[in-house]
1. Could you give me the ³J(HN,Hα) list for the range 117-122, computed from phi with Karplus coefficients 6.51, -1.76, 1.60 and θ = phi - 60°, whole Hz, x at Gly and Pro?
2. Taking R0 as 30 Å, what's the FRET efficiency between GLU244 and GLU144 from their Cβ-Cβ distance, rounded to 0.05?
3. How big is the gap, in Å, between the Cα center of the range 229-308 and the Cα center of the range 93-113?
4. Separation of the range 117-143 and the range 200-226 by C-alpha centroid, Å?
5. Here are some pairs, LYS365/LYS393; LYS365/LYS455; LYS226/LYS282; which of them have Cα atoms lying more than 19 Å apart in this structure?
6. What pairs in LYS218/LYS267; LYS35/LYS182; LYS231/LYS304; LYS267/LYS291; LYS170/LYS334; LYS172/LYS334 have C-alpha atoms more than 21 Å from each other?
7. Taking loop as defined by DSSP and a crowding limit of 15 other beta carbons within 10 Å, which trypsin sites (Lys or Arg not before Pro) in the range 81-173 fit?
8. What is the calculated FRET efficiency for GLU297 to ASP424, with r their C-beta to C-beta distance and R₀ = 51 Å, to the nearest 0.05?
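Rule-based calculations on the coordinates, nothing more; no lab input. None of the values given here were measured: they were computed from a predicted structure. Every residue, glycine among them, receives a Cβ derived from its backbone with ideal geometry; neighbour counts consider all protein chains shown.
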Amino acid sequence: MASETELATRADAREARATDDDARASLLRWYDANKRSLPWRRRGKQRKWIKIEALAEDAATPTRDVAAAATLWRERAFERDGEDGDASAIARMSDDQYAYGVLVSEIMSQQTQIDRVAEYWRRWTARWPTAEALAEATIEEVNEEWAGLGYYRRARFLLNGAVYVRDALKGKYPRDVEGLSKIPGVGPYTASAVASIAFGAKTAAVDGNVYRVITRAKMIKGDPLKGDAAKEIRRVADAFVDAERPGDFNQAMMELGATVCAPQNPKCDSCPISTWCDGFAKQRETSGVFKVTAFPETAKKAEKRQEQRAFVVLRRTAPADADAKPAYEYLLSKRPEGGLLGGLWEFPNALIAIESDDAFALRPKSDVRDAQDALCEELGASSRRNVDAVAGKAVHVFSHIRQVMHYQLVDYVPLDANGANGDDVVARNAPERELKWFPAHAFEESGVFSSGVVKVYAKCAATSVARAKPNASGAQKRLRDAAAPCEIDASQTSIKAFFGSAAPASGPPPLAARGGTEGLN
Ligand code: SF4
């Protein structure tokens, strides 16, 4: 039987419930006092879209002066001694430029911590301050600027979206969710975020943080990404969004989920909407027997898989440089623009096994060698190993896949007697396979390789250097340590599939480091 104290606590919890209006106001007060300073955010209650309507001439004309547009972002993003830059710079830019900046921040924030995004965002908008400026960039330039953020297809989506805005929309961003959703790479969440933040549209932007808050506050059962639960989350979120400050409200909800209503150990006692939260009320009523962390109800995780791939690192001696120092070049192939890791360069590779976690067993060396030989043959190179062959394994672990990369370093020798120095390999495979020889230093300097490629290269370089020279240089040691996680293409089954994989549907990857997710509605 409950004690008198427990009964009193339950009564308190029932009596002190807030209305939607109370909770909304409390949330915005909390946001104004606690929001993180980020270069694309407005300050206080500044309403960009109202100010911009007064600047009709500017708003009707996209900013074509790239230098002037970049200056505006720099003024806003400038930070010294922890202070914000000039907040009025946002009001002085066209609303299309502002929408572009918000869109870049939203795409970058998916899969990446927000503090890290700010640094990349500043560099990005300094280089490409408007959609029209970005539309002029190449995929190589875009990937280079993106290097280190991971999930490179987000960079490609931004580029494709900018081209669409320039060509199909004449530089004008649609003001509503429906129109914004038609831009390549913009899903429902991003469209709602941009519509509300940049244009003041009253629509809820529901990312992973927001659905965590809503499912706890209204105790919504079921998989939050699907079916009735997803619809109910959407309904509650749309009803809760503030009509006057929808952009700030959406950012407040995201920030609340990221900093207060955390996946583990939510800080309910300091939550601005705790009196609106049914989950917290129940937690108090049951004296902690029920916990708010029971929501959201998560779907069963996908079974882990193990994947093994054969890689061929084809190497040739490059022409001597001005100092007459010999160096190596490596053959890489370009991923199709539309697919995973699109536009990045990889060593030719082929899938040789994929199995469940339990059934995993390393493939026999003979299987690996056969696959590597087949790769060489397809490329028109001899698979003859060096006397002092460099081969081995590197491992990458992903959310639900562990990838074992069996690599083999091979000095280029043409299969065809007419082959010369390796340029024939490139010529023979064009245009179906985009191949290119890269100098060794490119692996340190360029952002056009996936981290898996850098890892395999580092293994080969470190091993061959260690054999040739006990004291490796600093650069070689850095490459040896390369071990960043990378994405993989689980559908690839052969080198032919590698070179010809199909483009996926548009939209950035669904799960986000900050909890963001597309496809809730
Ligand atoms: S009271 Fe707790 S569970 Fe409810 S929204 Fe706030 S932090 Fe989340």
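1. After applying 6.51 cos²θ - 1.76 cosθ + 1.60, I find 4, 4, 5, 5, 4, 4 Hz.
2. 0.10
3. Centre-to-centre distance over Cα atoms comes out at 24 Å.
4. 31
5. Distance filter (> 19 Å) returns LYS365/LYS455; LYS226/LYS282.
6. LYS35/LYS182; LYS231/LYS304; LYS170/LYS334; LYS172/LYS334
7. LYS170
8. After rounding, the FRET efficiency stands at 0.30.
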